[in-house]
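Worksheet: one structure, shown below.
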């Protein structure tokens, strides 16, 4: 079995080979008793391989209609999305950003977000105003260099915000969407419904016994961790 | 109403609006299609780069695997392993694969010493200097070309490399450096390169957390690349219609440039994007721009077609609406215009009719009633206009009414439109008129529109001309008659002159005859005279001898003998003279008397030839006569002799000019009735132009040299006249001439006008 991680803030840092996903993966593998090869690759590549069946698992995925065709999910947390914009872009709300044709939004290739955020991103995409990236790090760099004026972030990206340079430079705008559930991504091609069910039960077990919450509390303040892991799975 | 008037404009606006929408939609669709094509190509390019890097990483993992089972110092194992990788063209971009050993400062001397023991005698760690930790390259494979440079480069000393080496150490995974110049590449213009590092940990030590990995790091393996080689091996084919550049980091600056493709762009790129790749923990910015051929290759141009078609259809629709809406108005306007034109036309005709200086009438073709007449007509005919309109044309035209009706029908059916009539005026006076009449339609009826011109004066003038011509004709006839009479008398005089001349000619030839005869007679008479004188002298001598008494018998006998001889000569000479005279007398009598008698042709010719022969005595030619002695004729010997003489004289005068010899032959043949006599010469002959005229009176080629020009003309008259025969001439220029004389042996009896108008001329057939 194979599982791939992607570099994304607190979820996973390749530089230190650690993060929420790493911890979650270790625990899941341990509980399953299976031998799972864990690798690291760009998120876009992960989705491609999940779709093709070459990869069995990944973590912290969200769904949409298209992904539902080839992936199944075992939810274990949810979170909201936020628009991080440069203060000097003169943006107070989403429409401001959309209106100003000079503003570029940085996104990670293949990422999807909450409903409003998706619409926002798609609009800018059609206007050729997106800068794609293979990971989060270059987007922060591009934002600092004013090559992009905004990017979409999640709670995992907060540590970066605590860096003075970024904190001074940016403002956060909230998408008024409910939290979006995240979960284990399972390739429908690679795993049968029965297997999916078993893995889902494993994840449920990790949620139920507080393992998930403990992992999140390692990285977030308890309230935020609770807000993320306490959700009604769809 | 005003809304209706605006309808075409509204329709046009609506059509253009719809076209605009369709055009815009199509443009957006095209733009979207292009955008997604661009996205696709961009994603594909990114994918290729990432995949390639993953492959390199995998390759290094293989090396990592090797080092998990051998010592880093087993140089041969490493060399063999790299050799076994067989860098095919896909890996051609790998410049070198090598091993870096982590050497803490304390262990540096023993490291240097051990390297030197391996054969690298001058091994040192470069750059020199005292540092806490060194990370020298201890082996670089394949050991060929530039890779054969001395080992010992301390990669840890270069911050760019060190950053990647630290990342590799901490993550345990492959890490890629930023833009570097490879150690094996020297020089300022060395291509941009990068190095991929993979950590090696001390065997058997824990490395599952950051601390463990840091504590047990033994060194690194690396692969070095030139960016241009990587791109070259990446793309068999460039992404269609796109050009991309690759920069290290997120800023596309020259300093960070790793690779730049040649661009073929004449206008700003329609599509451009920067994408940040995270490869081996390092960020590259891929800057992609569409090229000129991108839109050509993937775009559609239906937007333009839609726009053109829509605009055209809109305009047509608007025009059509306008045409439909305005059809009634335009029809009314057209009708008004036509009515106006007709009115004007009518007015023009009325004006033309009323004020015309020609007589004009409108006549009912059936009844012949004058429907209208203009003022000029009223004046001309001498009726008030009111009366004239209503009269029948028969009251004016002098022809019988049925004839007038016939003519009207011809005009009505346009068989004729020009007539000459006599019209009677109110005064009773008759005038000749010329009428042009043609049908016109007026008020639904067909009338004859007639224009009459008075031609009386012209007719009279014509009559006068005819009379003048007739009297001139008579004058001319009189004058012609006078002239004819004058001409006749002149001709008569001319004829008389010709006869006189012929007579004179005859006398002239007679004179010649006399001269010839005199000459002939001179010889016999002279002989006779001489002999007579000699006889006289002999008689005197005898007489004297007798007187002297010395006469002897012998002398007397001799004298008698001599006298007898002399007397014979005298007798013969006198007989000859008498014969000549008889002959001359015959000729002279014949020629002057023109009497008919029986004669022998041979004798006649002989006589005539003898008579003129003396004239040619000194001539270089000879005359031969060959005529049988028994050709008897009953004809006119005089005229015949004159003809023979003329022909011989003619030949003598013309045939032998400039010749030194020649023969003139006269011969004849005959049957019971006809004689054919030929006079021919072998002289110079005559040209056809001369031959054609020789029988004409006064024609001569020897004018002023004695020729009268009448000889042959007279001969022809004689032959065809009294002799009742024919005379033909033929000639072969250069070879001679021939005159053929045919006449009956018994001449026709002379009835009346023997010589006048009975000439017959025959042209030559020879030659």
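What follows draws every value from the coordinates through simple rules; no lab data is involved. Only a predicted model underlies this, so the values are computations on that prediction, with no experimental measurement involved. Quick reminder, even Gly has a Cβ in these numbers, built from the backbone with ideal geometry, and neighbours come from all protein chains shown.
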Equivalent ellipsoid dimensions for region A:27-156 as semi-axes, Å, which come from the Cα gyration tensor, largest first: 31, 15, 14
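Set the Förster radius R0 to 56 Å, insert the Cβ-Cβ distance between residue B:323 and residue B:266 as r into 1/(1 + (r/R0)^6), and round the FRET efficiency to 0.05. If you can, show how the numbers build up before the last one.
Values: r = 46 Å, r/R0 = 0.82.
It comes out at approximately 0.75.
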Ratio Rg/Rh [Cα only; Rh per Kirkwood] for region B:543-657: 1.28
Cα extents of chain B along the three principal axes, largest first (Å): 224, 127, 44
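Counting partner chain Cβ atoms within 10 Å of every residue's Cβ in A:126-132, what's the average?
That average works out to 5.
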For region B:348-408 versus region B:455-483, the gap between their alpha-carbon centres in whole angstrom: 37 Å
Viscosity 0.692 mPa s, 37 °C: Kirkwood-radius Stokes-Einstein D of chain A over Cα pairs, µm²/s: 180 µm²/s
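For region B:212-309, what is one quarter of the convex hull surface built on the Cα atoms, given in nm²? All intermediate terms of the calculation are to be shown ahead of the outcome.
On the way: hull surface 39.6 nm².
Reported value for the Cα convex hull: 9.9 nm².
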Calculated SAXS-style log₁₀ I(q)/I(0) at q = 0.11, 0.23 Å⁻¹ - region B:301-385, Debye, Cα scatterers: -0.59, -1.05
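Ranked from highest to lowest mean number of other Cβ atoms within 10 Å per residue, what is the order of the peptides B:277-289, A:151-163, B:352-364? Could the numbers behind the result be given before it?
On the way: B:277-289: 22.9, A:151-163: 18.2, B:352-364: 16.5.
Descending packing order for the listed peptides: B:277-289, A:151-163, B:352-364.
If you average 1/r across every pair of different Cα atoms in region A:110-201 and take the reciprocal, what Kirkwood value do you get, in Å?
On the way: mean 1/r = 0.0631 Å⁻¹.
Computed over region A:110-201, the radius equals 15.8 Å.
Divide by every residue of the protein assembly as shown the summed helix terms, -39500 (n - 2.57) for each DSSP H run of at least 4, and state the resulting mean residue ellipticity at 222 nm, rounded to the nearest 500 deg cm²/dmol. All intermediate terms of the calculation are to be shown ahead of the outcome.
Working: 28 runs with 476 residues, N = 1001.
That calculation yields -16000 deg cm²/dmol at 222 nm.
Report Rg(Cα)/(2.2 N^0.38 Å) for the protein assembly as shown, keeping two decimals. Don't jump to the answer; show the numbers that get you there.
Numbers: Rg = 78.3 Å, N = 1001, 2.2 N^0.38 = 30.4 Å.
Normalised Cα radius of gyration, the protein assembly as shown: 2.58.
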More than 16 Å apart - percent of Cα-Cα pairs taken over region A:4-60: 40 percent
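Can you give me the orientation-averaged projected area of the convex hull built on the Cα atoms of region B:96-144, in nm²?
Working: hull surface 14.5 nm².
Over all viewing directions, region B:96-144 projects a mean Cα-hull area of 3.6 nm².
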C-alpha long axis of helix B:601-612 to longest principal axis of chain B, angle in °: 90 degrees
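On average over all directions, what projected area in square nanometres does region B:185-234 have, based on the convex hull of its Cα atoms? It would help to have the intermediate numbers written out before the result.
Working: hull surface 21.3 nm².
Mean projected area of the Cα convex hull: 5.3 nm².
Evaluate the relative contact order of chain B (contact order divided by residue number), counting alpha-carbon pairs under 8 angstrom at least 6 apart; express in whole percent.
On the way: 1144 pairs, mean separation 52.9, N = 767.
After rounding, I find 7 percent.
Using only the Cα atoms, what convex hull volume per residue in Å³ does region B:108-227 have?
Values: hull volume 14.9 nm³, N = 120.
So the per-residue Cα hull volume is 124 Å³.
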C-alpha long axis of helix B:2-69 to longest principal axis of chain B, angle in °: 50 degrees
In degrees, nearest ten, helix B:75-85 long axis to first principal axis of chain B (Cα): 40 degrees
For region A:127-179 versus region B:1-80, the gap between their alpha-carbon centres in whole angstrom: 23 Å
Convex hull volume of region B:254-298 per residue (C-alpha atoms, cubic angstrom): 98 Å³
Shielding score for A:5-16, defined as the mean number of other chain Cβ atoms within 10 Å: 3
Ranked packing of A:104-113, B:547-556, B:411-420, most packed first, by mean Cβ within 10 Å: A:104-113, B:411-420, B:547-556
Shielding of B:279-291 by partner chains, average beta-carbon count, 10 Å: 2
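How would you rank B:442-455, B:478-491, highest first, on the average number of other Cβ atoms within 10 Å across their residues? Walk me through the numbers before you get to the answer.
Numbers: B:442-455: 15.6, B:478-491: 9.9.
Result, highest mean Cβ count within 10 Å first: B:442-455, B:478-491.
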Dimensions in Å of region B:43-168 - Rg and Dmax from alpha carbons: 15.9, 52
